[in-house]
Amino acid sequence: VQLQASGGGLVQAGGSLRLSCAASGRTLSSLAMGWFRQAPGKEREFVSTVKRNGDTYYADSVKGRFTISRDNAENTVYLQMNSLKPEDTAAYYCAAKEKYGGSYYYTHNYDYWGQGTLVTVSS
């Protein structure tokens, strides 16, 4: 499975961005998909996940502002980010989980990773 993330950029606080993660080599519907982020000097942290059945989960820090969605026909997962804050600045990574079981919140439970896309939110 190859994952290609895109859509990062520079935005002012309060603005919006939409990240995309295009998957190839596997039908998206067979995978759970997640977004993580890593700020400079910090560990990679969970942002959001969408399970195979469409259930979604969010970190408390982004709940109500970010929305994850999947388009199985396009084999693409999206992360719509609204009301962005400077503390959202990070490299954002998409990840795919093919195994069942294990928490969706931990990086070690994901099997495939895309390259990061950088989001910078200015104050």
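Taking the criterion of being open to solvent by less than 10 Å² (accessible area, probe 1.4 Å) and not aliphatic (A, V, I, L, M), the residues of segment 32-41 that qualify are 34, 35, 36. On inspection, residue 44 does not qualify as open to solvent by 30 Å² or more (accessible area, probe 1.4 Å), at pLDDT 95 or above, of a type outside the set (A, V, I, L, M, F, W, C) and within 11 Å of the chain's Cα centre (by Cα). Restricting attention to segment 70-110, the residues being touching a helix residue (DSSP H, G or I) at 6+ places or on another chain (Cβ under 8 Å), more than 17 Å from residue 19 (Cβ to Cβ) and open to solvent by 20 Å² or more (accessible area, probe 1.4 Å) number 5.
Listed by first and then second residue, the pairs with beta-carbon distance under 6 Å, at least 6 apart or on different chains, first residue in segment 70-88 and in contact (Cβ under 8 Å) with a residue 60 or more places away in the chain and on the phi > 0 side of the Ramachandran plot, second basic (Lys, Arg) and open to solvent by less than 50 Å² (accessible area, probe 1.4 Å), are 83/65. Among residues that are touching a residue at least 12 places away in the same chain (Cβ under 8 Å) and within 18 Å of residue 2 (Cβ to Cβ), residue 39 is not included.
The set of residues in segment 1-31 being of a type in the set (A, V, I, L, M), surrounded by 13 or more Cβ atoms within 10 Å (Cβ to Cβ) and either touching a Pro at 6+ places or on another chain (Cβ under 7 Å) or farther than 16 Å from residue 108 by Cα (or both) consists of 1, 3, 5, 11, 13, 17, 19, 22, 23, 28. Among the numbered conditions (1) in contact with a Gly (Cβ under 9 Å, 6 or more places away or on another chain); (2) outside any strand (DSSP E or B), the only one that residue 47 does not meet is (2).
The values are calculated or read from the model by the stated rules, or taken from the named source; none is laboratory data. Note that the structure is predicted; figures quoted are calculated from it, not measured. Glycine gets a Cβ as well: all are built from the backbone with ideal geometry, and neighbour counts include every protein chain shown. Keep in mind that these areas ignore ligands, DNA and RNA; they rest on the heavy atoms of the full protein, side chains included. Shrake-Rupley method; radii C 1.70, N 1.55, O 1.52, S 1.80 Å.
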